[in-house]
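Only one structure is covered here, and it is reproduced in the block below.
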Amino acid sequence: MARRKRLRSSGGSAEGDMTPMIDMTFQLIAFFMVLVNFSEVDQNERIRLPLSQLAKPPDAPLPDPITLQLTREGTILLGGQEFSVEQLPVPLRRERQVLENTPGKSVRGATIVIRADMAAKAGIVQEVIRACQDNGFERFALRAKQVAERRPT
Amino acid sequence: MQVRHTQRQGNKIELQMTPMIDIVFQLLVFFIMTFKIVTPEGDFNIRMPIAAPSEGQPDPDLLPPIQVRLQSTGTGHLSAIRMGEKSLGRNFEELNKEIRQIVGPSTGPNVTGAAEIEIDADYALRFEYVMDAITAISGYVGEDGSIITLAEKIKFAPPRKP
């Protein structure tokens, strides 16, 4: 108390210690930096994925993934464009040509990632798979959201 | 020389903290705004080449695919599960038990993944039920939390157009 009084009386400024605040702020920045996720390319807010207990994130990235998003209305989103099932062969043919013209890549090695809405019709999913098969694609990955418990039916 | 002189006098050089704190808070706000909790997503890998016309005699060691039929109500919800001729009600646990009996776990003596399962779903059935069926067929979570794989070869029957 004596010291503070002396400081104030002598006109010295009482400065707060900034170190703990800066420490905490840097900790927070580090936390958010580690958790930040910019890979939203293959995610779409219109799609509500089905839930599955066994859907574990893959250990290694899928080879040459092509993501098809199936909405509940039955349309397909590919590369930012919306297609109907009947229109889907056109962009698939384009993808196939790109793969065939790229050295070291093949249609058979590419993976079609199907992010279908939980309310999408199973028949549409089957038709999409059929359209991909017609264009030579063989590998499919059906995407689901991971849950801890089995869904009651 | 002048500078040295002032240092000798013991004057403190005060660091300007304000710009740094400004930037740090800007960064903090940016990361808070872009932060999004993303639940993990996983894949069921299915290798399904187009059915080529069979040449010659089929392989006698190759088992015929086990048919899993999923029937839907008018609104797209599940009405019945059938495996072969057996009705399993609407319970995917039952389907999982049946598959376990036929295929056996991957650690067991049975040949894992050899059995091929064909999912034959009604056109209007909601995809979430197909995913439930794939989950029940693919495996189950053991008591220690590890995933025990059952059938790996899953394929879809041609779509049943309404």
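The values are calculated or read from the model by the stated rules, or taken from the named source; none is laboratory data. Everything numeric in this text was worked out from a predicted model, so none of it was measured. Glycine gets a Cβ as well: all are built from the backbone with ideal geometry, and neighbour counts include every protein chain shown. Remember, those area values only see protein heavy atoms, side chains included, never the ligands or the DNA or RNA. Shrake-Rupley method; radii C 1.70, N 1.55, O 1.52, S 1.80 Å.
Please work out which residue is most open to solvent (accessible area, probe 1.4 Å), limiting yourself to the stretch A:120-153 and to residues that are more than 27 Å from A:ASP59 (Cα to Cα) and touching a Phe, Trp or Tyr at 6+ places or on another chain (Cβ under 7 Å).
A:LYS121
In the stretch A:32-87, which residues are assigned to a strand (DSSP E or B) and of a type in the set (A, V, I, L, M)?
Narrowing the stretch A:32-87 to residues assigned to a strand (DSSP E or B): A:51-52, A:65-70, A:76-78, A:81-83.
If the condition is that a residue be assigned to a strand (DSSP E or B) and of a type in the set (A, V, I, L, M), then A:LEU51, A:ILE66, A:LEU68, A:LEU70, A:ILE76, A:LEU77, A:LEU78 are the ones that fit.
Just checking, does the stretch B:154-161 include any residue being modelled with pLDDT of 85 or more, under 18 Å from A:LEU70 (Cα atoms) and not in a loop (DSSP other than H, G, I, E, B)?
yes
Name, by its number, the condition in (1) over 30 Å from B:PHE30 (Cβ atoms); (2) more than 10 Å from every other protein chain (Cβ to nearest Cβ) that does not hold for A:PRO50.
(2)
How many residues does the stretch A:135-153 contain that are more than 7 Å from every other protein chain (Cβ to nearest Cβ) and either farther than 30 Å from B:GLY74 by Cβ or not basic (Lys, Arg) (or both)?
Looking only at the stretch A:135-153, we keep the residues that are more than 7 Å from every other protein chain (Cβ to nearest Cβ), and these are A:135-137, A:147-150, A:152.
Next, from what is left, pick out any that are either farther than 30 Å from B:GLY74 by Cβ or not basic (Lys, Arg) (or both): A:135-137, A:147-149, A:152.
Residues that pass the stated criteria total 7.
Please find, within the stretch A:114-134, the residue that is farthest from A:LEU92 (Cα to Cα) out of those that are among the β-branched types (Val, Ile, Thr) and facing chain B (nearest Cβ under 7 Å).
Restricting attention to the stretch A:114-134, the residues satisfying the condition of being among the β-branched types (Val, Ile, Thr) are A:114, A:124-125, A:128-129.
After this cut, where a residue has to be facing chain B (nearest Cβ under 7 Å) as well, the list is A:125, A:129.
Working: A:VAL125: 15, A:ILE129: 11 Å.
By that ranking, first place goes to A:VAL125.
With respect to A:ARG96, determine if the residue is more than 8 Å from chain B (Cβ to nearest Cβ) and not small (Gly, Ala, Ser). Reasoning before the result, please.
Numbers: more than 8 Å from chain B (Cβ to nearest Cβ): yes; not small (Gly, Ala, Ser): yes.
Considered against the rule, which asks whether it is more than 8 Å from chain B (Cβ to nearest Cβ) and not small (Gly, Ala, Ser), A:ARG96 comes out as yes.
Report whether or not B:ASP59 is charged (D, E, K, R) and either at positive phi or modelled with pLDDT under 85 (or both).
Values: charged (D, E, K, R): yes; either at positive phi or modelled with pLDDT under 85 (or both): yes.
Spelling it out, B:ASP59 is indeed charged (D, E, K, R) and either at positive phi or modelled with pLDDT under 85 (or both).
Within the bounds of the stretch A:89-109, is there any residue that is over 30 Å from B:ILE32 (Cβ atoms), part of a loop (DSSP other than H, G, I, E, B) and within 18 Å of the chain's Cα centre (by Cα)?
Step one: of the stretch A:89-109, the residues over 30 Å from B:ILE32 (Cβ atoms) are A:89-109.
Narrowing the set further to residues that are part of a loop (DSSP other than H, G, I, E, B) leaves A:102-109.
The next check asks that each one be within 18 Å of the chain's Cα centre (by Cα); those that pass are none.
No, the stretch A:89-109 contains no residue that is over 30 Å from B:ILE32 (Cβ atoms), part of a loop (DSSP other than H, G, I, E, B) and within 18 Å of the chain's Cα centre (by Cα).
Just wondering, is there one or more residues in the stretch A:97-105 that are in contact with a strand residue (DSSP E or B) (Cβ under 7 Å, 6 or more places away or on another chain), open to solvent by less than 70 Å² (accessible area, probe 1.4 Å) and of a type outside the set (Ser, Thr, Tyr)? First the steps, then the outcome.
Filtering the stretch A:97-105 down to residues in contact with a strand residue (DSSP E or B) (Cβ under 7 Å, 6 or more places away or on another chain) leaves none.
No: the stretch A:97-105 contains no residue that is in contact with a strand residue (DSSP E or B) (Cβ under 7 Å, 6 or more places away or on another chain), open to solvent by less than 70 Å² (accessible area, probe 1.4 Å) and of a type outside the set (Ser, Thr, Tyr).
Could you list, in sequence order, all residues of the stretch B:1-46 that are at pLDDT below 80, within 30 Å of A:LEU51 (Cβ to Cβ) and surrounded by 10 or more Cβ atoms within 10 Å (Cβ to Cβ)?
Within the stretch B:1-46, B:LYS36, B:VAL38, B:PRO40 qualify.
Looking for whichever is in contact with a Lys or Arg (Cβ under 9 Å, 6 or more places away or on another chain) and surrounded by 17 or more Cβ atoms within 10 Å (Cβ to Cβ) here; the options are A:LEU88, A:LEU92, A:LEU70. Which one fits? Walk me through how you get there before you give the answer.
Working: A:LEU88 fails: in contact with a Lys or Arg (Cβ under 9 Å, 6 or more places away or on another chain); A:LEU92 fails: in contact with a Lys or Arg (Cβ under 9 Å, 6 or more places away or on another chain).
Just one listed residue meets the conditions, A:LEU70.
What's the number of the only condition in (1) in a helix (DSSP H, G or I); (2) surrounded by 10 or more Cβ atoms within 10 Å (Cβ to Cβ); (3) at pLDDT 80 or above that A:ARG4 fails to meet?
Exception for A:ARG4: condition (3).
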